[in-house]
Amino acid sequence: MSYVSNEKLPERIRRNLPVRAQTIFRKSFNNAEKQYKNLNKRRGKATLEEVSNKIAWSAIKKKYKKFNDKWVIKTIF
């Protein structure tokens, strides 16, 4: 299930992530969905949605961190 816009993301994503992070999530999810559509490219018995979600959250965690229950951009020191 590809997401054509941030407005189509699940409410839990829209409610918890800043707009830029939503875009990262959406693009990462959609790319993973294309890349891992073939069952042979996935590990174990994970569904396409599970794999795509894991990859999307991994992309978020590279640039954002959770601070006081909010996702904030990581700063470079």
For n ≥ 4 DSSP H runs only, could you compute -39500 (n - 2.57) per run for the chain, divide by its residues and tell me the 222 nm figure to the nearest 500? -16000 deg cm²/dmol
Can you give the extra length, in nm with one decimal, that the chain gains between Arg12 and Phe67 once fully stretched, where that is 0.36 nm per residue apart less the Cα-Cα distance? 18.1 nm
Give me the one-decimal nm value for the distance between modelled label points at Lys54 and Lys37, 7 Å along each residue's Cα-to-Cβ direction. 2.1 nm
What's the angle, to the nearest 10 degrees (0 to 90), between helix 19-35's Cα axis and the longest principal axis of the chain? 10 degrees
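About the Cα centre, and with charges only on the beta carbon of Lys, Arg (+1) and Asp, Glu (-1), how big is the dipole of the chain? Nearest 20 debye, please. All intermediate terms of the calculation are to be shown ahead of the outcome.
Numbers: 21 positive and 6 negative charges, 59 e Å.
Value, rounded to 20: 280 debye.
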Need one number: nm distance between label points at Ser5 and Ala46, each 7 Å from Cα along Cα→Cβ, rounded to one decimal. 3.0 nm
Between segment 57-74 and segment 1-37, how many Å separate their Cα centres? 15 Å
Placed amide H near Trp71: partners under 5 Å, 5+ positions off or other chain: none
Defining a contact as two alpha carbons under 8 Å apart and six or more residues distant in sequence, what relative contact order in percent does the chain show? 29 percent
Let me see the P(r) profile for segment 9-73: every Cα-Cα distance counted, bins of 10 Å, each bin given as a percent of all pairs. 22, 49, 23, 5
Taking the Cβ of each residue in Thr75, Thr23 as the centre, tally the other Cβ atoms inside 10 Å and list the residues starting with the fewest. Thr75, Thr23
Picking from Phe29, Phe67, Leu39, whose Cα lies most toward the positive end of the charge dipole for segment 9-73 (charges on Cβ: Lys, Arg +1; Asp, Glu -1)? Phe67
Using only Cα atoms and rounding to the nearest 10 degrees, what angle (0 to 90) does helix 48-63 make with the longest principal axis of the chain? 30 degrees
Just to be sure I understand: with springs between alpha-carbon atoms less than 10 Å apart, which residue in Lys27, Lys66, Lys54 has the highest mean-square fluctuation in the Gaussian network model of the chain? Lys66
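Since every read-out is calculated from the coordinates, none of them should be taken as a lab result. Just so it is clear, the structure is predicted and the values come from calculations on it, not from any experiment. Note that each Cβ is placed from the backbone with ideal geometry, even for glycine, and that neighbours are counted across all protein chains shown.
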